[in-house]
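The values are calculated or read from the model by the stated rules, or taken from the named source; none is laboratory data. What you see is a predicted model; the values in this text were computed from it and never measured. A quick note on method: Cβ atoms are made from the backbone with ideal geometry, for glycine too, and the neighbour counts reach across all protein chains shown.
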Amino acid sequence: MKLRGIELRRVSMPLVAPFRTSFGTQTERDILLLKAVTDDAEGWGECVALSDPLYSAEYVESQQDVLRRFLLPRLASPEGTAALGRSGAAAVAGLLHPYKGHRMAKAAVEMAILDAELRALGRSFGRELGAVADRVPSGVSVGIHDSIPALLSAVEGYLDEGYARVKLKIEPGWDVEPVAAVRERFGGDVLLQVDANTAYTLRDARHLARLDAFDLLLIEQPLEEEDVLGHAALARRLATPICLDESVVSAQTAAAAITLGACQIINIKPGRVGGYLEARRIHDLAAAHGVAVWCGGMVETGLGRAANIALAALPGFTLPGDVSASGRFYRTDITEPIVLDDGHVTVPTGPGLGVAPIPGLLEQVTTSVEWIAF
Ligand code: NPG
């Protein structure tokens, strides 16, 4: 393939309702989209970095800066174009490896190039990654609410829509009580899990063990990103399985976490680990160790959502992912909306992502466009 250049486009999308996690409240999403233009096709990538470095060290301005300053020039160099010409998207991670971190930017550019490549070949993301299902169960992530009644009415709405699994965001002061209330109101059959986004310390172990009473699928990332040993210690004190998110940034860190007993389950987010190809490696590694995985979400547009659904259709994704319908976050998506069908979302089968931005809708939310010629 021959890349002509990459467009960096920022869009700003209002959320249907504020989304509160232990690290902050979002009311709109400022997203960096990439469009890879090749001689044969155009491909889309979505960078999942947030506006502020509160989930991870990455933030959207930093990802655009590192792309402009280092990552795209590396791909456009004679060495880069030769490797892309030979191997396409498979060459991206190796070419960018010398630059530390910034995995969300690396993931976005790999996604755009992979999409262009697959569109040219007429092959879908699902087929390329190894999907074995044509639809996957859809889980919903429910933010921290101002009151228990408000939370219960939100959960009721999602269950009425048919979501197959509910994840409650928790933080100190909002954990046992909301979980107990949801269990009491909706019963033991609801697939329920919690996500702390690093809000606790090992000193909270005894308190977190109170969650064991509620038959949760998992507790996600209770401790700090770098506290892998703490998670291993906590795992010995909780009956609820521990799932890592922020701590797993590569197949290598996944292997270490598994070996140390820091997690029984892994949330795989392609943006966090540097791309869909690394995400697949973590899937393979986890499957080899009997560790269940599920596909996380970062409040993506239909582009990232489509790719995540394809990934979630791999055989090791045995737990429902945060692959909700577009309407969970956006009244109007920039693609054809991803919709819920009997608690499932459909794996796209068209070439590449199988979805693309609708030009008029994309223009409406665009705040800036920058073209980097190769
Ligand atoms: O369904 O797209 C979704 C959102 C799922 O809760 C979700 N994501 O920590 O997993 C998370 C959380 C998140 C959202 C993290 C936004 C960072 C940004």
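One table, with the values for the structure above:
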{"read-out": "Wholly within the range 53-127, helices (runs of 4 or more DSSP H) carrying at least 3 residues that are at pLDDT 95 or above and among the charged types (D, E, K, R)", "value": "103-121"}
{"read-out": "Test: residue in the range 129-146 that is over 24 Å from Arg328 (Cα atoms), more than 12 Å from the ligand (Cβ to nearest atom) and exposed (fewer than 15 other Cβ atoms within 10 Å of the Cβ)", "value": "yes"}
{"read-out": "Count - residues of the range 168-177 that are more than 16 Å from Leu218 (Cα to Cα) and assigned to a loop (DSSP other than H, G, I, E, B)", "value": "2"}
{"read-out": "Looking only at the range 160-219, and only at residues there that are of a type in the set (S, T, N, Q) and over 22 Å from Ser324 (Cα atoms), the one that is surrounded by the most Cβ atoms within 10 Å (Cβ to Cβ)", "value": "Thr198"}
{"read-out": "The range 131-146 residues that are within 13 Å of Asp175 (Cα to Cα) and in a loop (DSSP other than H, G, I, E, B), paired with ones that are within 16 Å of the ligand (Cβ to nearest atom) and among the hydroxyl-bearing types (Ser, Thr, Tyr) (beta carbon under 7 Å, 6 or more apart)", "value": "Gly143/Thr21; Ile144/Thr21"}
{"read-out": "Residue check, Tyr163 within 16 Å of the ligand (Cβ to nearest atom) and part of a loop (DSSP other than H, G, I, E, B)", "value": "yes"}
{"read-out": "Flag for Pro53 being in contact with a helix residue (DSSP H, G or I) (Cβ under 9 Å, 6 or more places away or on another chain), within 30 Å of Ala199 (Cβ to Cβ) and either without any contact (Cβ under 8 Å) to a residue 40 or more places away in the chain or in the same structural domain as Gly157 (by TED's automatic domain parsing) (or both)", "value": "yes"}
{"read-out": "Test result for Ile334, within 16 Å of the ligand (Cβ to nearest atom), under 25 Å from Leu8 (Cβ atoms) and of a type in the set (Val, Ile, Thr)", "value": "yes"}
{"read-out": "Selected residue [in contact with a Ser or Thr (Cβ under 8 Å, 6 or more places away or on another chain), within 16 Å of the ligand (Cβ to nearest atom) and in contact (Cβ under 8 Å) with a residue 40 or more places away in the chain] from Arg20, Arg29", "value": "Arg29"}
{"read-out": "Top-ranked residue of the range 178-199 - restricted to ones that are in contact (Cβ under 8 Å) with a residue 40 or more places away in the chain and assigned to a strand (DSSP E or B), ranked as farthest from the ligand (Cβ to nearest atom)", "value": "Gln193"}
{"read-out": "In the range 32-50, the residues that are out of contact with any Ser or Thr (no Cβ under 8 Å at 6 or more places or on another chain) and either near the ligand (Cβ under 10 Å from one of its atoms) or without any contact (Cβ under 8 Å) to a residue 24 or more places away in the chain (or both)", "value": "Val48, Leu50"}
{"read-out": "So Ala17, is it assigned to a strand (DSSP E or B) and either modelled with pLDDT of 95 or more or surrounded by fewer than 18 Cβ atoms within 10 Å (Cβ to Cβ) (or both)", "value": "yes"}
